[in-house]
Amino acid sequence: MVNQDRISGRKTEERRAKILNAAKWCFLNFGFGKTSFEDIAKRANLSRTLLYHFFKNKEDIFTAVFTDWLVSRHPAAQQAATAAGSPYERLLNVCRLMVLEPWSDMVSAPMGSEFFDICERLDPAVDAQHREVALQCVTTIIGNKEVAEIFLLALDGLLTDQPATGVLENRMRILAAHFTQPSTKI
């Protein structure tokens, strides 16, 4: 019986992941307002009724997508912050995981610009958790919480003109180099 429970649990998790992936695609391509449960169900190749077994409404699934998308990156980012390598390399790796990869998904999608704004509005706690983990990771690398906060504010500023992924990556390299030079330590 235990083996059957394990198989059932794995199947449930696989379905949930399939739903979240389909929902993320729909939200990024159609926008929150124009995405329906029917759209998500079709994309996931599941029935709409089955979606309701996992999520109570569109806001619930949107929050789950946002949470999964960002929070799933936290363990890898925390590991990157303490991994071997120079502070510059570790800082770039944390930035890639927590900013560049999600950004590349959003910037290339038709409705990507609204995605993060709606996420922040629907579940500010997830956004706050993501920012707190980012601060912990950067503080681990830089060694000073106030300087880490300034780095993250500067990193946020790099996104204001919605740059292409390559442009953002170059900007992050410049910023990381500036903050990891020994002369910038306070």
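The values are calculated or read from the model by the stated rules, or taken from the named source; none is laboratory data. Everything quoted here is computed from the prediction, not taken from an experiment. Every residue, glycine among them, receives a Cβ derived from its backbone with ideal geometry; neighbour counts consider all protein chains shown. Protein only, heavy atoms only, side chains kept; ligands, DNA and RNA dropped before computing areas. Shrake-Rupley method; radii C 1.70, N 1.55, O 1.52, S 1.80 Å.
One residue alone among T35, T63, T49 is outside any helix (DSSP H, G or I) and either touching a helix residue (DSSP H, G or I) at 6+ places or on another chain (Cβ under 8 Å) or farther than 27 Å from H130 by Cα (or both), and that residue is T35.
Is segment 89-96 home to any residue that is in contact with a helix residue (DSSP H, G or I) (Cβ under 7 Å, 6 or more places away or on another chain), touching a residue at least 60 places away in the same chain (Cβ under 8 Å) and not aliphatic (A, V, I, L, M)? Checked segment 89-96: at least one residue is in contact with a helix residue (DSSP H, G or I) (Cβ under 7 Å, 6 or more places away or on another chain), touching a residue at least 60 places away in the same chain (Cβ under 8 Å) and not aliphatic (A, V, I, L, M). In this structure, does P87 turn out to be surrounded by fewer than 16 Cβ atoms within 10 Å (Cβ to Cβ) and not aliphatic (A, V, I, L, M)? It is false that P87 is surrounded by fewer than 16 Cβ atoms within 10 Å (Cβ to Cβ) and not aliphatic (A, V, I, L, M). Kindly indicate whether S72 is open to solvent by 50 Å² or more (accessible area, probe 1.4 Å), farther than 30 Å from Q136 by Cβ and of a type outside the set (K, R). The answer is no for S72. So is G9 open to solvent by less than 40 Å² (accessible area, probe 1.4 Å) and either modelled with pLDDT under 90 or within 24 Å of A125 (Cβ to Cβ) (or both) or not? Judged against the criteria, G9 is a match.
The number of residues in segment 78-101 being over 16 Å from G157 (Cα atoms) and either at pLDDT below 95 or in contact with a Leu (Cβ under 7 Å, 6 or more places away or on another chain) (or both) comes to 2.
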